[in-house]
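A short worksheet on the structure shown next.
A short reminder: the numbers here are calculations on the coordinates, not readings from a lab. What you are looking at is a predicted structure, and each value in this text was computed from that prediction instead of being measured. Counting neighbours? That spans all protein chains shown, and the Cβs are built from the backbone with ideal geometry, glycine included.
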Amino acid sequence: MSATEKIVETPHGPGRLVVQRARKASATLLLSHGAGVGIDTRDLEALAADLPRQGFTVARFEQPWRHGCLALAFPLHPPGKPEKSRLAELEGSGVPTLVVQGERDTMGRPEEFPDPLPDHVHLAVVPGADHGFKVPKRGDLTEDDAMALLVEATLEWLVREVLTD
């Protein structure tokens, strides 16, 4: 399948949209990249190469910026295996990074993150929440409260760290 490429103007500059179309698409999957890379990564290229043959159009959008990384429920390690840490990924992002973590996340409780974190990494905690930000029914927070905290922490970080760049 051949790809079509288009430059898309955004408020932050031009972005690149690369689309691999399926002959009879049942759906379209839009993919983007992380903070430190573009859309030409091995995983995104594999999806773009194979999914159109399965009936899915794949559109990859390369954003015109690579500052800022929002990590919701970052899997610091596999459950019960803190020795298999992924901390180096956060430390190496090189861009302002916000980790929003549930207090009871089995893939990395807040106290398992180093203190202090690198200057570009900030941690926000949702009290009582698990890896999916679910809180106990009889806990201090409701599901709506937990989501409101997640949104508030993200908004504060965006205004403080991303808009000021």
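If you look at just the Cα atoms of the range 55-124, how large are its Rg and its Dmax in Å?
Rg then Dmax for the range 55-124, in Å: 14.2, 47.
Roughly how tilted is helix 143-157, in degrees to the nearest 10 and between 0 and 90, from the longest Cα axis of the chain?
With rounding to tens, the tilt is 70 degrees.
Mind checking the alpha-carbon convex hull of the range 1-46 and giving the volume per residue in Å³?
Residue-normalised Cα hull volume stands at 100 Å³.
Which of the peptides 55-65, 135-145, 3-13 is most tightly packed, and how do the rest follow, judged by the mean count of other Cβ atoms within 10 Å per residue?
Top of the packing list down: 55-65, 135-145, 3-13.
With N residues in the range 18-165, what two-decimal value do you get for its Cα radius of gyration over 2.2 N^0.38 Å?
1.21
Please express the shape of the range 23-100 as an equivalent ellipsoid: the semi-axes are the square roots of 5 times the eigenvalues of the C-alpha gyration tensor, given largest first in whole angstrom.
29, 17, 10
Please figure out what share of the DSSP beta bridges in the range 18-95 is antiparallel and state it in percent, rounded to the nearest 5.
The antiparallel fraction comes to roughly 40 percent.
What are the ³J(HN,Hα) values, in whole Hz, obtained from phi via the Karplus relation 6.51 cos²θ - 1.76 cosθ + 1.60 with θ = phi - 60°, for each residue of the range 125-136 in sequence order, with x given for Gly and Pro?
10, 9, x, x, 7, 9, 4, x, 6, 7, 10, x
What is the extension gain from residue 81 to residue 40, computed as 0.36 nm multiplied by their sequence separation minus the C-alpha to C-alpha distance, in nm to one decimal?
Roughly 11.6 nm would be gained on extension.
What Rg and what Dmax come out for the range 106-165 when only alpha-carbon atoms are used, in angstroms?
Gyration radius and largest Cα-Cα distance of the range 106-165: 13.2, 41 Å.
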